[in-house]
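First up is the structure itself, then whatever we jot down about it.
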Amino acid sequence: MAAAAGDELRKQGGGYEVVRYTVPGIKDLAAGARILFDRGCDLVIALGMVGRQTVDKDCALAADIGLQAVQAAVGKHIIGVMVHEEEAPDDVKLAWLFDRRTREHAVNAYDLLFRPEAIRARAGTGQREGYADAGPVRVERT
Amino acid sequence: MAAAAGDELRKQGGGYEVVRYTVPGIKDLAAGARILFDRGCDLVIALGMVGRQTVDKDCALAADIGLQAVQAAVGKHIIGVMVHEEEAPDDVKLAWLFDRRTREHAVNAYDLLFRPEAIRARAGTGQREGYADAGPVRVERT
Amino acid sequence: MAAAAGDELRKQGGGYEVVRYTVPGIKDLAAGARILFDRGCDLVIALGMVGRQTVDKDCALAADIGLQAVQAAVGKHIIGVMVHEEEAPDDVKLAWLFDRRTREHAVNAYDLLFRPEAIRARAGTGQREGYADAGPVRVERT
Amino acid sequence: MAAAAGDELRKQGGGYEVVRYTVPGIKDLAAGARILFDRGCDLVIALGMVGRQTVDKDCALAADIGLQAVQAAVGKHIIGVMVHEEEAPDDVKLAWLFDRRTREHAVNAYDLLFRPEAIRARAGTGQREGYADAGPVRVERT
Amino acid sequence: MAAAAGDELRKQGGGYEVVRYTVPGIKDLAAGARILFDRGCDLVIALGMVGRQTVDKDCALAADIGLQAVQAAVGKHIIGVMVHEEEAPDDVKLAWLFDRRTREHAVNAYDLLFRPEAIRARAGTGQREGYADAGPVRVERT
């Protein structure tokens, strides 16, 4: 999915450099993000897949807490793109979902850095990255 | 809902400046809050909507832990306004609830900065932001 | 309950000053505690009420994690006094419970600062703040 | 149980000083541990008892996260000795279990500081502090 | 399993030194990892076994959060190798699983330091360390 993220970023525009860093699993994302920030990156897109079992959900929670800890310490965004296996009935649909969600989050990442007004315009339209939108209640922060 | 927060703040009084910063989702709130504190803000109002599913609740817990981490590190308040989809039967009621809760929390935010005695006066009356009050047991801290 | 804490502290003795700081809800306690420590306080008593629903329990967990983060960073005690709505059948009993637990924790707070030997004497008698003691197994730390 | 920890430490050998610090409950352990580290301690043994109810388990999780945060920040060990009420049918058995587990963890604490090779020798024999060993799969870290 | 990790690392290549540090249980891993980083290590492989009961799962979650906190603070990888008792029907199969998973993670650890392109090549093939691969959806991070 890293390729999809890079592809979508290129469609949005330029003015940035992509540094790709692959980790073995989702619990390694926080360290990887911290390493990228220490190397000077301004934003990290973290892509991960979460299994169906209870132990996988605990892993995902720990991974998310780690990503939050890095963001709280560094003050830069980590855009997490997590797909759960049970979100789709088969691998083809899962790959499609991961691709779509990755692209939508890549746009979010681009907009956070270059087009903040675009995020504000989408806020409150209830968009769910990867599936249909949910409705009109706004999700934003003043 | 950011508009409702700004509107309610204006009703309370002046002496402050509002910086609005929109993020893609609730897991991005902690980084956004840290960024705003790093820019000199004294208090952050974080507005977010939480879905119905277990994964959404885990997201909300991770987001809340991130917001706690930022507050623990910075020593400034983040007033979290979270609305859960299942709190209302339909989108109209949900929007009403989000608006009302946002306004009540905006008053809290204003009072933390400018009218601490007003918060103390409300403490212990069991107010639930967004719905009717629960009762007379006091919720405060000495 | 802040009044009960102050009243009970006065009964124990002097040599301290009470700074009262009221926050809107339990998720705001960690920031409030950090602010008080930054102002020079040596110990914080955090009073809060937790609702019956799952979302309230998640709030309480996030609040507790925030309080732990502040204590871990600052190295000073936050004595948490949390009462859960379902601990009592009605508001009168709940208010009684909150009052009693607050007073017992106020004694603990006083003893941590001025009478550590008193805490040690109570340790291991299985005291539950706010209800009857549970038994003789000791709860302490060397 | 603090007495049991001190007694067991003495049986292992000398070369250290014990500083005893008692706190009101398990959620106060992290602050107490940080205070002891700030006073120059090299290792903390944290003794606590966890009740049967869901709220007690949430308390224990928050306490454990606090202890982890202190260890992560300070880089010194906190040996947690937690006994859950439901681990034994009555108080006599519970006291026995707490005593035994405390002594086994006291040996671990001593060995971490003075006999690391002894811990390595026990690793992978599946020892459960306080009850019979579970089996031969090794639990260690390289 | 530490022996298996060392053995597998040697098979991959040289250019590093292994420092082995054994701790009593999984909740001690975060402190141990921090100690190793403070001694100059560049990466830690953390090996642990998780029991079947709810209390064991809470322990594992706390341990994982501690490991995340260390990684977030230090910006270096801790490769966690956790095996849950219920993952295998008996001790022989469990030992086999732990050995296999340890070796696969040792390869990951080596590759993070010396062959990042190898991790990228494996990303998205859905590998589950210790059991058969799950499928073709990619798990990586850009």
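The values are calculated or read from the model by the stated rules, or taken from the named source; none is laboratory data. In this text the structure is predicted, and so the values were computed from the model without any measurement. Every residue, glycine as well, gets a Cβ built from its backbone with ideal geometry; the counts of neighbours run over all protein chains shown.
Structural remarks
- If the condition is being more than 8 Å from chain C (Cβ to nearest Cβ) and not β-branched (V, I, T), then the stretch B:68-88 contributes B:M82, B:E85, B:E86, B:E87, B:A88.
- Subset of the stretch C:48-80 [at pLDDT below 95 and not small (G, A, S)]: C:M49, C:V50, C:R52, C:Q53, C:T54, C:V55, C:D56, C:K57, C:D58, C:C59, C:L61
- Residues (free of Cβ contacts under 8 Å to residues at least 60 places away in the same chain, surrounded by 13 or more Cβ atoms within 10 Å (Cβ to Cβ) and not basic (K, R)) located in the stretch A:30-48: A:A30, A:A31, A:G32, A:A33, A:I35, A:L36, A:F37, A:C41, A:V44, A:A46, A:L47, A:G48
- Pairs with Cβ under 7 Å, 6+ apart, first in the stretch D:5-18 and hydrophobic (A, V, I, L, M, F, W, C), second in a helix (DSSP H, G or I): D:A5/D:T102; D:A5/D:A106; D:L9/D:A106; D:L9/D:Y110; D:V18/D:G6; D:V18/D:L9
- All positions within the stretch C:70-80 that are surrounded by fewer than 23 Cβ atoms within 10 Å (Cβ to Cβ), outside any helix (DSSP H, G or I) and either of a type in the set (A, V, I, L, M) or over 16 Å from the mean Cα position of the chain (by Cα) (or both): C:G75
- Sole exception among (1) among the hydrophobic types (A, V, I, L, M, F, W, C); (2) more than 19 Å from C:R101 (Cβ to Cβ); (3) more than 7 Å from every other protein chain (Cβ to nearest Cβ); (4) touching a His at 6+ places or on another chain (Cβ under 7 Å) for D:I45, by number: (3)
- Answer from A:D56, A:D91 - the residue that is within 13 Å of chain E (Cβ to nearest Cβ), surrounded by fewer than 19 Cβ atoms within 10 Å (Cβ to Cβ) and closer than 27 Å to D:Q68 by Cβ: A:D56
- Condition check for B:G51 on (1) surrounded by 21 or more Cβ atoms within 10 Å (Cβ to Cβ); (2) closer than 26 Å to A:G80 by Cβ: one failure, at (1).
- Restricting the stretch B:15-38 to residues that are among the hydroxyl-bearing types (S, T, Y) and under 21 Å from A:A106 (Cβ atoms), the residue that is farthest from the other protein chains (Cβ to nearest Cβ) is B:Y21.
- Condition met for C:P89 (closer than 20 Å to B:A30 by Cα, free of Cβ contacts under 8 Å to residues at least 24 places away in the same chain and out of contact with any Phe, Trp or Tyr (no Cβ under 6 Å at 6 or more places or on another chain)): no
- Restricting D:V83, D:V18 to those that are of a type outside the set (S, T, Y) and crowded, with 19+ Cβ neighbours inside 10 Å reduces the list to D:V83.
- Among the residues making up the stretch D:1-14, a single one is assigned to a loop (DSSP other than H, G, I, E, B) and under 30 Å from C:A106 (Cβ atoms): D:M1.
- Residue within the stretch D:23-31 that is at pLDDT 95 or above, in contact with a His (Cβ under 8 Å, 6 or more places away or on another chain) and among the β-branched types (V, I, T) present: yes
- The stretch A:108-123: number of residues that are touching a Pro at 6+ places or on another chain (Cβ under 9 Å), away from chain E (no Cβ under 11 Å) and in a helix (DSSP H, G or I): 5
- Residue satisfying condition, being more than 7 Å from every other protein chain (Cβ to nearest Cβ) and farther than 24 Å from B:P116 by Cα, within set B:A4, B:A63: B:A63
- Selection count where residues are closer than 22 Å to D:P24 by Cα and of a type in the set (V, I, T), scope the stretch C:20-44: 2
- Summed over the stretch A:1-46, the residues that are more than 22 Å from A:H84 (Cα to Cα) and aliphatic (A, V, I, L, M) give a count of 6.
- Filter result for B:L67 (assigned to a helix (DSSP H, G or I) and under 16 Å from the mean Cα position of the chain (by Cα)): yes
- Test result for D:K27, of a type in the set (K, R), part of a helix (DSSP H, G or I) and buried (at least 19 other Cβ atoms within 10 Å of the Cβ): yes
- Yes/no for C:T54 being touching an Asp or Glu at 6+ places or on another chain (Cβ under 9 Å), free of Cβ contacts under 8 Å to residues at least 24 places away in the same chain, of a type in the set (S, T, Y) and more than 24 Å from D:A73 (Cα to Cα): no
- If the condition is being among the polar types (S, T, N, Q) and under 22 Å from C:N108 (Cα atoms), then the stretch C:39-74 contributes C:Q68, C:Q71.
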